[in-house]
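Just below is one structure, and these are the notes that go with it.
The values are calculated or read from the model by the stated rules, or taken from the named source; none is laboratory data. Bear in mind that the values here come from a model prediction, so they are computed numbers and not experimental data. FYI the Cβ positions are ideal-geometry reconstructions off the backbone, even for glycines, and counts take in every protein chain you see. We work out accessible area using only protein heavy atoms, side chains counted, and drop any ligands, DNA or RNA first. Shrake-Rupley method; radii C 1.70, N 1.55, O 1.52, S 1.80 Å.
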Amino acid sequence: MDEKVVNTSNSDDFMKDFFKLESAGGILLFIAACLAIVISNTGLEPYYKMLLSTEVEVRVGTFEIAKPMLLWINDGLMAVFFFLVGLELKRELLEGELSDKRNIILPAVGAIGGMVFPALIYVYFNQDPVAIRGWAIPAATDIAFALGALALLGSRVPISIKIFLTSLAIFDDIGAILIIAFFYTSKISLTALLVVAAGTAVLYLLNRRNVCNKSVYILVGLIIWVATLKSGVHATLAGVLVAMFIPMRSKKNEQESPLKEMEHDLHSVVAFFILPVFAFANAGVNLTGVTMDQVLHGVPVGIALGLFVGKQVGIFGLCWLAVKAKLTKLPEGMNWKSLYGTAALCGIGFTMSLFIGSLAFEETGVNLLFDERLGIIVGSLVSGLVGFFILKHSLKKPVAE
């Protein structure tokens, strides 16, 4: 009985630390994005572009990886981010909020609506073969930014809203991972995929033999990342793949959790370094001489409306239908107004939207990155403000700690 009490306390502390960390990371992410926009509209822009286009090369004999700094950030650092997403997903499914099927239905339904409706709105405004490649850009939710906005409301936000938002974002990430895997891959190298398959088999054996040495998994994971990079499948997916084989518990010591240890160690790195660096590298948009034709182009309009309108309609609408159909119920501490505010907050799609946008347009030969970034920034900003004020109005009484 005493052991259960201790475990519950540790679990509560873990969740509190997680939310605090994500919230602080969201604020730093916002600062990095603003800095990139400011630099892009001053005389420092040439140096900003020069830094991101600087060629970085790793060579061993005839084998080489040569990419500009921007792609090292998007393919390398973001693989670590997706590795963390994979760890969080596995933990949630095994012993977190998503281990209880009753807690899965509402955020899962909301996530489906939050991906489908924004994509449909984008496609409505973008029919040509190049622009339509960005259909998945408004389908994403940025958990760090969203929790950062919730942090501004302080203790009045019930834990049920934070858990709902986090769970929905996890399902959202699963959708983004599948979209990247199936729709944003280039020419496939079967040789490289065989190396990935061999590395995966090694991870499986390590897991089955209950090997808990984290450095071994990191070494094999690095090999899988390089092979995935060369395979044509986007390298970030290697992070999710490797995370699925990290042991949740050690059979020799039930108190030891390699997965939770790695998740805890990586949170600070991802929240305070990787995501801000990614935002700084990808958020820069030069607004000098912008015309109304550019602002009202189908890509920025489709993205902005997808994030702002599509997220609210999709998430709130499908959740409302699911509750009315008695498939699930609203979590304790959440009402319809706070659900709507949370749905609006999910329109902050910053990090994942920028990432998918870079995959969608970087190889088209048509420069739509300005349009994409403009739509993401406007849609995310308006969604964040509207969601914040709705929640501020609906959550009047502070929740006791």
Want the number for Ile159 to Lys67: 0.36 nm per residue separation, take away the alpha-carbon distance, what's left?
28.9 nm
Sequence-distant residues sharing a close amide H with Glu256 (under 5 Å, placed H)
Ser250
Volume per residue of the C-alpha convex hull in the stretch 232-326, rounded to whole Å³
220
Here, trypsin sites (Lys or Arg not before Pro) of the stretch 203-238 satisfying both criteria (DSSP loop; at most 12 other Cβ within 10 Å) are Arg209
Where does each of 155-163, 346-354 land if you order them by average Cβ count within 10 Å, highest first?
346-354, 155-163
Highest to lowest packing among 192-200, 130-138, scored as the average C-beta count within 10 Å:
130-138, 192-200
Any idea of the accessible area per residue across the stretch 97-148, 1.4 Å probe, to the nearest Å²?
41
How big is the charge dipole of the chain about its Cα centre, in debye rounded to the nearest 20, if each Lys and Arg gets +1 on its Cβ and each Asp and Glu gets -1 on its Cβ?
860
By its C-alpha gyration tensor, with a ≥ b ≥ c as the square roots of the eigenvalues, how is the chain shaped: rounded for a/c under 1.5, else prolate for a/b larger than b/c, else oblate?
oblate
Can you give me the Cα centroid spacing of the stretch 116-150 and the stretch 261-318 in angstrom?
9
For the stretch 79-108, list residues with backbone N below 15 Å from a point placed 7 Å from the Cα of Val277 toward its Cβ?
79-84
For the pairs Lys101/Lys324; Lys162/Lys392; Lys90/Lys326, note any where the Cα-Cα span goes beyond 20 Å.
Lys90/Lys326
Which order do the peptides 59-69, 77-87 come out in when sorted by mean C-beta neighbours inside 10 angstrom, highest first?
77-87, 59-69
Check which residues have an amide H placed less than 5 Å from Val56's amide H, if you skip close sequence neighbours.
Lys67, Met69
Read phi for every residue in the stretch 137-145 and hand back ³J(HN,Hα) as whole Hz from Karplus 6.51 cos²θ - 1.76 cosθ + 1.60, θ = phi - 60°, with x for Gly and Pro.
4, x, 7, 9, 10, 9, 5, 5, 5
In the stretch 142-222 the accessible area split gives carbon plus sulfur, as whole percent at 1.4 Å, a share of 70
Here the stretch 27-32 yields Karplus 3J(HN,Hα) values (6.51, -1.76, 1.60; θ = phi - 60°; whole Hz; Gly and Pro given as x) of 5, 5, 4, 4, 5, 5
